[in-house]
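Reviewing the structure listed below.
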Amino acid sequence: MTTGSGTASAPPEATPPAEASAAVRPAAESPAAARPPAARRGSYRRLSVEARRAELLTAALGLFAHRAPEDVSLDDVALAAGASRPLVYRYFPGGKQQLYEAALRSAADELERCFEEPRSGPLSGRLSRVLDRYLAFVDEHDAGFSALLQSGSVVETSRTNAIVDEVRRAAAEEILRHLAVKGPGARLRMMVRTWITAVEAASLIWLDEEKQPPVEELRDWLVDQFVAMLTATATTDPQAARVMRAALIMEPAEGPVGRLARRVVPALGEASHLL
């Protein structure tokens, strides 16, 4: 998985000449007191190349999490990391675009990990744990998550779009593995990818609705959506029907699927005239 973020190692850090000359000035002439506190903290720290790059990415992610990419400047990132603008350019010579793509790649890796779950136990429980991690990411990164999934950012490129699409595909593949089916057909794949899209859309609406309903209710509703979509697909697709039967065997009566069934059956009773 590569992007335009650049992975070439930056040269080892050394004390910039300006800072070295400041170190031998009399205390009264030192400009240290005029620097912001964050800059004073970061000026003389010696970090490895990877540690410094990770620090800059962490600072950038923190900013992109709560502000649209176009509203974050390199100066903002430098200040948040206790570094200087030239230092940010040293590690990301492509400027803000390269830094954004690298931060996006880091966030995408974290999102993909949300879907990693041991393939044991009831399917509804596995989906619930996946959604707990996914929605926690959404909650933490709110504005940044919206900027990640919604088009229109001035820093959006074909590479950033590819990173986002890669997350969707990886999530779908992970869910398909949980269904324990070899060679999933077009309908089953479409159903899973449609559910991933529904999860994204619901997450964005949840943020727009000031994170209501409570996240636990949103999670349970999304699990119900998966079960409903799988059931509907199973009525016309033999492969999906086999998957559904295997999944239902493992579901406890008091679990999410059992509760859903007890809610649905009375509602379907109202449609008996359609049978």
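Note on Glu254 and Ser48: with the Förster distance fixed at 45 Å, the Cβ-Cβ geometry gives a FRET efficiency of about 0.30. 3J(HN,Hα) along region 135-144, derived from phi through the Karplus expression 6.51 cos²θ - 1.76 cosθ + 1.60 where θ = phi - 60°, amounts to 5, 5, 5, 4, 4, 6, 9, 2, 4, x Hz, with x in place of Gly and Pro. Computed over region 120-265, the quotient of the alpha carbon radius of gyration and 2.2 N^0.38 Å is 1.10.
Subtract the Cα-Cα distance of Glu217 and Arg177 from 0.36 nm times their separation in residues, and report this length gain in nm to one decimal. Write down the numbers at each step before the final one.
Details: separation 40, 0.36 × 40 = 14.40 nm, distance 2.56 nm.
Here the segment from Glu217 to Arg177 would lengthen by 11.8 nm.
Computed with the Debye formula from one identical point scatterer per Cα of region 188-239, without solvent, the log10 of I(q)/I(0) at q = 0.14, 0.15 Å⁻¹ comes to -0.40, -0.45. Comparing Gly185, Val164, Pro213 along the charge dipole axis of region 148-254, the residue lying farthest to the positive side is Gly185, per the Cβ-charge model.
Both numbers refer to the Cα atoms of region 221-275; Rg and Dmax are 12.0, 32 Å.
Keeping all protein chains in place and using 1.4 angstrom, which order do His66, His178 fall into by accessible surface area, from largest down? Could the numbers behind the result be given before it?
Details: His66 105, His178 15 Å².
Sorted descending by solvent-accessible area, the residues read His66, His178.
For region 183-275, the convex hull spanned by the alpha carbon atoms encloses 129 Å³ per residue. For the pair region 114-142 / region 171-237, the C-alpha centres are spaced 12 Å from each other. Suppose we look only past 17 Å in the calculated P(r) of region 55-138. What percent of the Cα-Cα pairs does that tail hold? In whole percent, the long-distance tail amounts to 53. Among the protein heavy atoms, those of Lys211 account for about 60 Å² of accessible surface (1.4 Å probe, every chain in place).
Annotation: Asp75 carries an accessible surface of approximately 80 Å², with a 1.4 Å probe and no ligand, DNA or RNA atoms counted.
When Rg and the Kirkwood radius Rh are both evaluated on Cα atoms of region 62-201, their ratio Rg/Rh stands at 1.05.
Shape descriptor for region 178-218: Rg over Rh equals 1.17 (Cα atoms; Rh from the Kirkwood inverse mean 1/r).
Remind me, relative contact order of region 185-258 in percent, using alpha carbon pairs under 8 angstrom and six or more residues apart? Relative contact order for region 185-258 comes out at 33 percent. This model, with +1 at the C-beta of Lys and Arg and -1 at the C-beta of Asp and Glu, gives region 174-238 a dipole about its Cα centre of some 580 debye.
The values are calculated or read from the model by the stated rules, or taken from the named source; none is laboratory data. The structure displayed is predicted, hence computed values, not measured ones. Backbone-built Cβ (ideal geometry, glycine too); neighbour counts: all protein chains shown. All accessible areas refer to the heavy atoms of the entire protein, side chains included, with ligands and DNA or RNA removed. Shrake-Rupley method; radii C 1.70, N 1.55, O 1.52, S 1.80 Å.
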